[in-house]
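Notes follow the structure.
The values are calculated or read from the model by the stated rules, or taken from the named source; none is laboratory data. Here the structure is a predicted model, which is why all the values come from computation and not from measurement. No Cβ is skipped: glycine too gets one built from the backbone with ideal geometry, and neighbour counts run over all protein chains shown. The accessibility values were calculated without ligands, DNA or RNA, using every heavy atom of the protein model including side chains. Shrake-Rupley method; radii C 1.70, N 1.55, O 1.52, S 1.80 Å.
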Amino acid sequence: MEIDLGANAFGIDFHPSTNLVAAGLIDGHLHLYRYDSDSSLVRERKVRAHKESCRAVRFIDDGQRIVTASADCSILATDVETGAKVAHLENAHEDAVNTLINVTETTIASGDDKGCVKIWDTRQRSCSHEFNAHEDYISGMTFASDSMKLVVTSGDGTLSVCNLRTSKVQSQSEFSEDELLSVVIMKNGRKVICGTQNGTLLLYSWGFFKDCSDRFVDLAPNSVDALLKLDEDRLITGCDNGIISLVGILPNRIIQPIGSHDYPIEDLALSHDKKFLGSTAHDSMLKLWNLEEILEGSNVNSGNASGAAEDSDSDNDGMDLDNDPSKSSKGSKRKTKSKANTLNATNNFFADL
(Lines give C-alpha, C1' and ligand atoms only; values in the text may rest on other atoms or scores of the structure.)
Protein backbone atom coordinates (compact mmCIF):
# COMPACT_ATOMS: atom_id res chain seq x y z
CA MET A 1 0.00 0.00 0.00
CA GLU A 2 1.16 3.50 -0.73
CA ILE A 3 -0.18 7.01 -1.10
CA ASP A 4 1.21 10.31 -2.33
CA LEU A 5 0.99 12.75 0.57
CA GLY A 6 1.51 15.77 -1.65
CA ALA A 7 4.55 16.85 0.39
CA ASN A 8 7.50 15.19 2.07
CA ALA A 9 6.74 13.55 5.41
CA PHE A 10 9.33 13.71 8.18
CA GLY A 11 7.60 11.71 10.92
CA ILE A 12 5.13 8.82 11.08
CA ASP A 13 3.56 6.78 13.87
CA PHE A 14 0.95 4.02 14.17
CA HIS A 15 -1.97 4.03 16.58
CA PRO A 16 -1.27 1.67 19.52
CA SER A 17 -4.41 -0.45 19.04
CA THR A 18 -6.29 0.36 15.79
CA ASN A 19 -5.44 0.57 12.09
CA LEU A 20 -4.52 4.24 11.96
CA VAL A 21 -1.26 5.84 10.88
CA ALA A 22 -0.29 9.51 11.26
CA ALA A 23 2.20 11.48 9.17
CA GLY A 24 3.71 14.92 9.80
CA LEU A 25 4.54 16.88 6.66
CA ILE A 26 7.08 19.50 5.66
CA ASP A 27 4.27 22.01 5.09
CA GLY A 28 3.16 21.77 8.73
CA HIS A 29 0.12 19.56 8.11
CA LEU A 30 -0.78 16.43 10.06
CA HIS A 31 -2.41 13.62 8.06
CA LEU A 32 -4.28 10.70 9.61
CA TYR A 33 -4.97 7.58 7.51
CA ARG A 34 -6.94 4.38 8.04
CA TYR A 35 -5.52 1.24 6.49
CA ASP A 36 -6.58 -2.35 5.89
CA SER A 37 -4.77 -5.28 4.34
CA ASP A 38 -7.46 -5.61 1.67
CA SER A 39 -7.80 -1.94 0.70
CA SER A 40 -5.81 1.21 0.09
CA LEU A 41 -4.98 3.96 2.55
CA VAL A 42 -7.91 6.28 3.24
CA ARG A 43 -7.35 9.71 4.72
CA GLU A 44 -9.43 10.30 7.83
CA ARG A 45 -8.25 13.79 8.66
CA LYS A 46 -5.97 16.63 7.62
CA VAL A 47 -4.98 19.27 10.20
CA ARG A 48 -2.81 22.36 9.85
CA ALA A 49 -0.80 21.64 12.98
CA HIS A 50 2.17 23.99 12.67
CA LYS A 51 3.35 27.12 10.92
CA GLU A 52 6.46 25.33 9.73
CA SER A 53 7.49 21.74 9.06
CA CYS A 54 6.10 18.98 11.28
CA ARG A 55 9.20 16.92 12.07
CA ALA A 56 7.95 14.28 14.51
CA VAL A 57 4.64 12.54 15.34
CA ARG A 58 3.62 10.36 18.29
CA PHE A 59 0.32 8.91 19.55
CA ILE A 60 -0.15 9.37 23.32
CA ASP A 61 -2.86 8.68 25.93
CA ASP A 62 -3.64 5.20 24.52
CA GLY A 63 -4.08 6.70 21.07
CA GLN A 64 -6.58 9.39 22.04
CA ARG A 65 -4.22 12.20 21.05
CA ILE A 66 -1.42 12.87 18.60
CA VAL A 67 1.57 14.96 19.64
CA THR A 68 3.58 16.72 16.94
CA ALA A 69 6.86 18.64 17.08
CA SER A 70 7.86 21.35 14.65
CA ALA A 71 10.60 23.54 13.25
CA ASP A 72 8.57 26.47 14.61
CA CYS A 73 9.81 25.43 18.11
CA SER A 74 6.35 24.26 19.22
CA ILE A 75 4.74 21.01 20.36
CA LEU A 76 1.03 20.41 19.75
CA ALA A 77 -1.47 17.85 21.06
CA THR A 78 -4.37 17.07 18.71
CA ASP A 79 -7.49 15.01 19.44
CA VAL A 80 -7.62 11.93 17.22
CA GLU A 81 -11.41 11.73 16.98
CA THR A 82 -12.17 15.39 16.27
CA GLY A 83 -8.92 16.87 15.01
CA ALA A 84 -9.28 19.66 17.57
CA LYS A 85 -6.21 21.19 19.19
CA VAL A 86 -6.10 20.02 22.80
CA ALA A 87 -2.94 21.70 24.11
CA HIS A 88 -0.20 23.82 22.60
CA LEU A 89 3.34 24.45 23.78
CA GLU A 90 4.27 27.43 21.61
CA ASN A 91 7.87 27.86 22.76
CA ALA A 92 8.77 24.34 23.77
CA HIS A 93 12.41 24.88 22.77
CA GLU A 94 14.58 27.82 21.86
CA ASP A 95 15.35 26.16 18.54
CA ALA A 96 13.57 23.92 16.04
CA VAL A 97 12.30 20.66 17.58
CA ASN A 98 13.74 17.72 15.67
CA THR A 99 12.76 14.54 17.54
CA LEU A 100 9.96 13.32 19.79
CA ILE A 101 9.38 9.98 21.56
CA ASN A 102 7.10 8.47 24.19
CA VAL A 103 8.89 7.87 27.49
CA THR A 104 6.21 6.67 29.92
CA GLU A 105 2.42 6.76 29.87
CA THR A 106 2.52 10.34 31.09
CA THR A 107 5.79 11.70 29.74
CA ILE A 108 7.33 12.44 26.35
CA ALA A 109 10.84 13.55 25.35
CA SER A 110 11.76 16.13 22.73
CA GLY A 111 15.11 17.15 21.23
CA ASP A 112 16.04 20.26 19.26
CA ASP A 113 18.58 21.47 16.73
CA LYS A 114 20.90 22.93 19.37
CA GLY A 115 21.31 19.68 21.31
CA CYS A 116 18.80 20.29 24.09
CA VAL A 117 16.59 17.44 25.34
CA LYS A 118 13.46 18.05 27.43
CA ILE A 119 11.10 15.71 29.26
CA TRP A 120 7.45 16.81 29.41
CA ASP A 121 4.80 15.75 31.91
CA THR A 122 1.61 15.50 29.86
CA ARG A 123 -0.61 15.70 32.94
CA GLN A 124 0.99 18.79 34.45
CA ARG A 125 1.76 20.15 30.97
CA SER A 126 5.21 21.25 32.04
CA CYS A 127 8.88 20.44 31.55
CA SER A 128 10.13 18.09 34.27
CA HIS A 129 13.74 17.56 33.10
CA GLU A 130 16.18 19.30 30.78
CA PHE A 131 19.50 17.94 29.49
CA ASN A 132 22.15 19.83 27.54
CA ALA A 133 24.79 17.22 26.77
CA HIS A 134 25.14 17.88 23.04
CA GLU A 135 26.52 20.60 20.81
CA ASP A 136 24.52 19.83 17.68
CA TYR A 137 21.06 18.66 16.64
CA ILE A 138 19.39 15.72 18.40
CA SER A 139 19.01 13.01 15.76
CA GLY A 140 17.48 10.13 17.73
CA MET A 141 16.30 8.98 21.15
CA THR A 142 15.21 5.73 22.76
CA PHE A 143 14.17 4.87 26.32
CA ALA A 144 15.26 2.10 28.69
CA SER A 145 12.19 1.80 30.94
CA ASP A 146 13.73 -0.60 33.46
CA SER A 147 16.48 1.86 34.41
CA MET A 148 14.61 5.10 33.54
CA LYS A 149 17.38 6.21 31.20
CA LEU A 150 17.08 8.04 27.92
CA VAL A 151 19.68 7.23 25.25
CA VAL A 152 20.28 10.14 22.87
CA THR A 153 22.28 10.53 19.63
CA SER A 154 23.41 13.77 18.07
CA GLY A 155 24.91 15.33 14.98
CA ASP A 156 27.93 16.18 17.11
CA GLY A 157 28.98 12.53 16.85
CA THR A 158 28.24 11.50 20.42
CA LEU A 159 25.80 9.34 22.33
CA SER A 160 24.58 10.31 25.81
CA VAL A 161 22.65 8.52 28.55
CA CYS A 162 20.32 10.77 30.55
CA ASN A 163 19.14 9.48 33.93
CA LEU A 164 15.58 10.59 34.65
CA ARG A 165 15.81 9.55 38.29
CA THR A 166 18.79 11.80 39.04
CA SER A 167 18.19 14.42 36.32
CA LYS A 168 21.82 14.01 35.28
CA VAL A 169 23.66 13.09 32.11
CA GLN A 170 25.10 9.81 33.38
CA SER A 171 27.35 8.87 30.47
CA GLN A 172 28.58 10.22 27.17
CA SER A 173 30.61 8.60 24.42
CA GLU A 174 33.77 9.89 22.85
CA PHE A 175 33.24 11.82 19.63
CA SER A 176 32.69 9.64 16.58
CA GLU A 177 34.17 10.48 13.21
CA ASP A 178 30.65 10.82 11.80
CA GLU A 179 27.28 12.13 12.85
CA LEU A 180 25.13 9.66 14.78
CA LEU A 181 21.73 9.61 13.09
CA SER A 182 19.61 6.90 14.75
CA VAL A 183 19.54 4.63 17.80
CA VAL A 184 17.83 1.50 19.21
CA ILE A 185 18.33 -0.74 22.27
CA MET A 186 18.56 -4.50 21.61
CA LYS A 187 19.64 -7.84 23.09
CA ASN A 188 17.36 -7.40 26.12
CA GLY A 189 18.97 -4.11 27.02
CA ARG A 190 22.57 -5.24 26.65
CA LYS A 191 23.36 -3.50 23.35
CA VAL A 192 22.79 -0.01 21.96
CA ILE A 193 22.95 0.27 18.17
CA CYS A 194 23.63 3.58 16.40
CA GLY A 195 23.36 4.40 12.70
CA THR A 196 25.94 6.79 11.28
CA GLN A 197 26.45 9.08 8.34
CA ASN A 198 29.05 6.83 6.71
CA GLY A 199 26.79 3.77 6.94
CA THR A 200 28.53 1.97 9.80
CA LEU A 201 26.42 0.58 12.63
CA LEU A 202 28.11 1.21 15.97
CA LEU A 203 27.38 -1.32 18.74
CA TYR A 204 27.76 -0.16 22.35
CA SER A 205 27.53 -2.48 25.35
CA TRP A 206 25.25 -1.18 28.11
CA GLY A 207 27.33 0.45 30.84
CA PHE A 208 30.32 0.87 28.51
CA PHE A 209 29.51 3.94 26.48
CA LYS A 210 32.87 5.64 26.03
CA ASP A 211 33.58 3.73 22.82
CA CYS A 212 31.73 1.19 20.70
CA SER A 213 32.48 -2.51 21.19
CA ASP A 214 31.73 -3.57 17.60
CA ARG A 215 31.15 -2.13 14.13
CA PHE A 216 29.02 -3.43 11.26
CA VAL A 217 30.06 -1.93 7.92
CA ASP A 218 28.00 -3.84 5.33
CA LEU A 219 25.54 -0.96 4.82
CA ALA A 220 28.30 1.55 4.01
CA PRO A 221 28.70 3.95 2.31
CA ASN A 222 24.96 4.71 2.58
CA SER A 223 24.07 6.68 5.71
CA VAL A 224 21.74 4.88 8.12
CA ASP A 225 19.14 7.59 8.69
CA ALA A 226 16.51 5.43 10.43
CA LEU A 227 16.63 2.39 12.72
CA LEU A 228 13.64 0.40 13.94
CA LYS A 229 13.79 -2.53 16.35
CA LEU A 230 11.85 -5.58 15.15
CA ASP A 231 12.85 -7.91 18.02
CA GLU A 232 15.85 -8.46 20.28
CA ASP A 233 17.98 -9.88 17.44
CA ARG A 234 16.76 -8.03 14.33
CA LEU A 235 16.33 -4.43 13.32
CA ILE A 236 15.15 -2.60 10.22
CA THR A 237 17.38 0.01 8.59
CA GLY A 238 16.48 2.90 6.31
CA CYS A 239 19.33 4.39 4.30
CA ASP A 240 19.88 7.41 2.09
CA ASN A 241 19.89 5.20 -1.02
CA GLY A 242 16.19 4.54 -0.34
CA ILE A 243 16.72 0.89 0.61
CA ILE A 244 14.96 -0.64 3.64
CA SER A 245 16.68 -3.77 4.97
CA LEU A 246 16.29 -6.38 7.70
CA VAL A 247 19.56 -6.69 9.63
CA GLY A 248 20.63 -9.22 12.25
CA ILE A 249 22.67 -8.15 15.28
CA LEU A 250 25.26 -10.49 16.84
CA PRO A 251 25.83 -12.21 14.55
CA ASN A 252 25.85 -9.09 12.36
CA ARG A 253 24.46 -9.63 8.90
CA ILE A 254 22.09 -8.22 6.30
CA ILE A 255 19.28 -10.77 6.30
CA GLN A 256 17.17 -9.51 3.40
CA PRO A 257 15.83 -6.39 1.66
CA ILE A 258 12.31 -5.30 2.63
CA GLY A 259 11.50 -2.51 0.18
CA SER A 260 12.65 0.78 -1.24
CA HIS A 261 11.86 4.39 -2.07
CA ASP A 262 13.38 6.46 -4.85
CA TYR A 263 14.88 8.89 -2.35
CA PRO A 264 16.49 8.79 1.14
CA ILE A 265 14.44 7.18 3.90
CA GLU A 266 13.18 9.64 6.50
CA ASP A 267 11.27 7.57 9.09
CA LEU A 268 10.14 4.02 9.88
CA ALA A 269 7.39 2.72 12.18
CA LEU A 270 5.66 -0.58 13.04
CA SER A 271 1.90 -1.11 13.31
CA HIS A 272 0.45 -2.16 16.66
CA ASP A 273 0.35 -5.83 15.60
CA LYS A 274 3.73 -5.66 13.80
CA LYS A 275 2.01 -6.77 10.60
CA PHE A 276 2.81 -3.58 8.70
CA LEU A 277 5.95 -1.49 8.38
CA GLY A 278 5.42 2.16 7.52
CA SER A 279 8.06 4.19 5.71
CA THR A 280 8.47 7.75 4.48
CA ALA A 281 11.17 9.26 2.31
CA HIS A 282 12.03 12.42 0.42
CA ASP A 283 9.57 11.44 -2.34
CA SER A 284 6.24 12.47 -0.71
CA MET A 285 5.20 8.82 -0.48
CA LEU A 286 3.85 6.99 2.54
CA LYS A 287 4.31 3.26 2.05
CA LEU A 288 2.99 0.37 4.12
CA TRP A 289 4.78 -2.95 3.73
CA ASN A 290 3.16 -6.23 4.77
CA LEU A 291 5.93 -7.68 6.92
CA GLU A 292 4.16 -11.02 7.37
CA GLU A 293 4.24 -11.61 3.63
CA ILE A 294 7.76 -10.24 3.16
CA LEU A 295 9.31 -12.26 5.97
CA GLU A 296 7.37 -15.43 5.23
CA GLY A 297 9.69 -18.06 3.89
CA SER A 298 12.81 -16.19 4.95
CA ASN A 299 13.46 -18.95 7.51
CA VAL A 300 15.03 -16.50 9.91
CA ASN A 301 15.46 -17.75 13.44
CA SER A 302 14.33 -14.82 15.59
CA GLY A 303 15.63 -16.45 18.77
CA ASN A 304 18.97 -15.60 20.33
CA ALA A 305 21.39 -16.36 17.52
CA SER A 306 24.30 -14.42 18.93
CA GLY A 307 26.19 -17.44 20.25
CA ALA A 308 29.93 -17.12 20.37
CA ALA A 309 29.82 -13.82 18.52
CA GLU A 310 28.23 -12.15 21.52
CA ASP A 311 30.43 -13.98 24.00
CA SER A 312 33.53 -12.71 22.22
CA ASP A 313 32.32 -9.13 22.32
CA SER A 314 34.61 -7.38 24.77
CA ASP A 315 34.27 -4.14 26.69
CA ASN A 316 37.58 -2.59 27.63
CA ASP A 317 36.61 1.01 28.16
CA GLY A 318 35.59 0.67 31.81
CA MET A 319 32.25 1.09 33.51
CA ASP A 320 30.64 4.51 33.21
CA LEU A 321 29.86 6.14 36.52
CA ASP A 322 26.89 8.26 37.50
CA ASN A 323 28.57 11.64 37.20
CA ASP A 324 28.81 14.52 34.78
CA PRO A 325 30.67 13.48 31.62
CA SER A 326 33.79 15.25 30.43
CA LYS A 327 33.63 16.42 26.84
CA SER A 328 36.39 16.08 24.30
CA SER A 329 37.29 19.03 22.13
CA LYS A 330 36.23 18.87 18.51
CA GLY A 331 36.16 20.90 15.37
CA SER A 332 33.03 22.09 13.65
CA LYS A 333 30.89 19.53 11.81
CA ARG A 334 28.55 20.06 8.88
CA LYS A 335 24.89 19.06 9.28
CA THR A 336 24.88 17.16 6.02
CA LYS A 337 22.17 14.72 7.10
CA SER A 338 20.07 16.71 9.54
CA LYS A 339 16.58 17.97 8.92
CA ALA A 340 17.88 21.31 10.12
CA ASN A 341 20.01 21.56 6.98
CA THR A 342 17.10 20.96 4.62
CA LEU A 343 14.69 23.32 6.36
CA ASN A 344 14.86 26.91 7.59
CA ALA A 345 14.08 26.93 11.28
CA THR A 346 12.53 30.05 12.84
CA ASN A 347 11.66 30.87 15.73
CA ASN A 348 7.24 26.35 29.23
CA PHE A 349 4.16 25.38 29.44
CA PHE A 350 1.17 23.88 27.68
CA ALA A 351 -1.58 26.41 27.09
CA ASP A 352 -5.14 25.18 26.77
CA LEU A 353 -6.84 26.28 23.58
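Please label the shape of the stretch 114-260 as rounded, prolate or oblate, based on the square roots a ≥ b ≥ c of the eigenvalues of the alpha-carbon gyration tensor (a/c under 1.5 means rounded; beyond that, a/b larger than b/c means prolate, else oblate). Since a/c reaches 1.5 and a/b is larger than b/c, the shape of the stretch 114-260 is classed as prolate.
Remark: the stretch 256-273, residue by residue, has Karplus-estimated 3J(HN,Hα) of 5, x, 10, x, 7, 10, 7, 9, x, 6, 9, 8, 10, 7, 10, 5, 4, 9 Hz, where x stands for each Gly or Pro and the curve is 6.51 cos²θ - 1.76 cosθ + 1.60 at θ = phi - 60°.
Accessible area per residue for the stretch 114-260, computed on protein heavy atoms with a 1.4 Å probe, is 32 Å².
Pairwise Cα separations in the stretch 61-166 fall into 5 Å bins from 0 onward with the following percentages, short to long: 2, 13, 24, 24, 20, 11, 4, 1, 0. Restricting attention to the stretch 114-260, the count of lysine pairs at 8 or more positions apart or across chains with alpha carbons under 20 Å apart stands at 13.
Surface composition of the stretch 114-260: carbon plus sulfur atoms contribute 43% of the solvent-accessible area (1.4 Å probe, protein chains only, all chains present). Here the 3J(HN,Hα) profile of the stretch 65-79, calculated from phi with Karplus coefficients 6.51, -1.76 and 1.60 at θ = phi - 60°, is 9, 10, 9, 10, 10, 9, 5, 7, 6, 10, 10, 10, 10, 10, 6 Hz, Gly and Pro shown as x. In sequence order, the stretch 20-32 has phi-based couplings of 10, 9, 10, 9, x, 9, 5, 8, x, 7, 10, 10, 10 Hz under the Karplus curve 6.51 cos²θ - 1.76 cosθ + 1.60, θ = phi - 60°, and Gly or Pro positions carry x. Protection proxy ranking of 228-234, 290-296, by the mean of other Cβ atoms within 10 Å over each peptide's residues and highest first, is 228-234, 290-296.
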